[in-house]
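The values are calculated or read from the model by the stated rules, or taken from the named source; none is laboratory data. Owing to the predicted nature of the structure, the values given are computational and were not obtained by experimental measurement. FYI the Cβ positions are ideal-geometry reconstructions off the backbone, even for glycines, and counts take in every protein chain you see. The accessibility values were calculated without ligands, DNA or RNA, using every heavy atom of the protein model including side chains. Shrake-Rupley method; radii C 1.70, N 1.55, O 1.52, S 1.80 Å.
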Amino acid sequence: MDMIENIVSAVNEFLWDYALLFLLCGTGIYYTIRLRFVQVRKFGTGVKRLFGSFSLNGQKAGKDGMSSFQALTTAIAAQVGTGNIAGAATALASGGPGAILWMWLSAFFGMATIYAEAVLAQKFKTVNEEGHVTGGPIYYIKAAFRNGALAKFMAGFFSVAIILALGFMGNMVQSNSIGVSFHNAFGVPSIAVGIAIAVIAAFIFLGGVKRIASVTEKLVPIMALLYIIGCGAILVMNASQVGEAFRQIFVMAFNPQAALGGVAGVTVQKAMRFGVARGLFSNEAGMGSTPHAHALAKVEKPEDQGILAMIGVFIDTFIILTLTALVILSTGVLSSGETGPELAQMAFNTAFGNFGNVFIAICMLFFAFSTIVGWYFFGEVNVKALFGPKATRIYAAIVVIFVLVGSALKVGLVWDMSDMFNGLMVIPNLLALLLLSGTVVKITRKKDPIS
């Protein structure tokens, strides 16, 4: 077991601390330049489309896909998870306040990457043997490598990695987060919470894309609003410290030791590394997960969904993750020595007292459960592509078992393995994005000429 842990740790260190930082950021910068800062030029359009299509009870999804808003909320369901609480806390504890500035920069370039992912998902979506519209990286990866033997290998590698990383191991960790938070807040046995979550998840899974879309379009806006209100209340209570929090973020990005209460031993390289890594892991831009949802959007042109997809990254990083960071910094708990979700929990307890545990438990329920639904769906698309529609029932049953078991176990190694497969699946996705960059530019140019 120790050998496995060492191997997984070494692979993760190489992927997330070095290789993927350059690949993901480099791809984002490349697309930002080629698309002439599409995330700036089309941001207003994306916001208008978000509120223009907002609905808690939209049209039912079916064989022909789902509404553009439902596709976005399904994507955000996966993006906004426990990482939005633990991710920002980990970045702060390991990289200091300056890590948040690097998190913002990586998300800015990531908006261009996710635009490309959504456009390609729309361009190469297809109809499966059941007559259902489907799509995702497995389809545009094959196109990028011209449908040869290498294409089949790269697409298959991606599919296996995402099924393991998200469908199985990732969902195991998400249910564990719910179980632990509810046990801490209410004293409820984790396994009891796991049983309830597994039953509800099974009900949603078996309802197919129609039920998944219906759940996410309601769950995502409610959970985001709940968390924003809670964080907003704390920031109002600590209004005098919010300015100092922003000062630390900007100053300590380039001089980590410039402010008192910082993290000992933090360098600019560390701040950059942890900020970029945790930001990219949270908003999933370039990782190949959210295109499965964006492929199903019923839009007139591929770029329409690409523009809306960018707003998902903005909501995840510039709103949810930023609020978590500001709450931690304004409450002064960064120097406590805690890290991860414990640090975030301490910040909420400082403001809300014992209710802080309850608030975090409720948020963890919303965030983690929405991620379970989104990640299950992303894995399901790839199970169908590899093994056919009949295999989805078996896949659903395995995921439900993992959700149940994960709620009551310590899943440190499982989380690390999920990180590893998550990182590995990025590689074929990014290669395909780079190979198909001309296609993305051509599609964008038709409606929005780029000189």
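Write down the Å³ per residue value for the convex hull defined by the alpha carbon atoms of the range 318-451.
Taking the convex hull of the Cα positions in the range 318-451, it is 204 Å³ per residue.
Take the alpha-carbon positions of the range 106-256, form their convex hull, and give its projected area averaged over all directions (one quarter of the hull surface) in nm².
Approximately 14.1 nm², given one-decimal rounding.
Of the options V38, M154, S240, report the single residue whose Cα projects farthest towards the positive end of the charge dipole of the chain (beta-carbon charges: Lys, Arg +1; Asp, Glu -1).
V38
Projecting each Cα onto the charge dipole of the range 103-246 (Lys/Arg +1, Asp/Glu -1 at the beta carbon, about the Cα centre), which of I222, F205, V180 comes out farthest on the positive side?
Selected residue: F205.
Treat every Asp and Glu Cβ in the chain as -1 and every Lys and Arg Cβ as +1, leave all other atoms uncharged, and give the resulting dipole magnitude about the Cα centre to the nearest 20 debye.
Using Cβ point charges on Lys, Arg, Asp and Glu, the chain gives about 1600 debye.
What accessible surface, in Å², does a 1.4 Å probe find on V266, ignoring ligands, DNA and RNA and rounding to the nearest 10?
Approximately 10 Å² of V266 is accessible to the 1.4 Å probe.
Can you check what the net charge comes to around G312, using other residues whose Cβ is under 11 Å from the Cβ of G312 (Lys, Arg +1; Asp, Glu -1)?
Computed value for this residue: -3.
What accessible area per residue comes out for the chain, rounded to a whole number of Å², with a 1.4 Å probe?
38
Structure shown: which of K42/K210; K301/K442; K125/K442 lie over 20 Å apart, alpha-carbon to alpha-carbon?
K42/K210
Counting only protein heavy atoms, what percent of the accessible surface of the chain is carbon or sulfur at a 1.4 Å probe?
67
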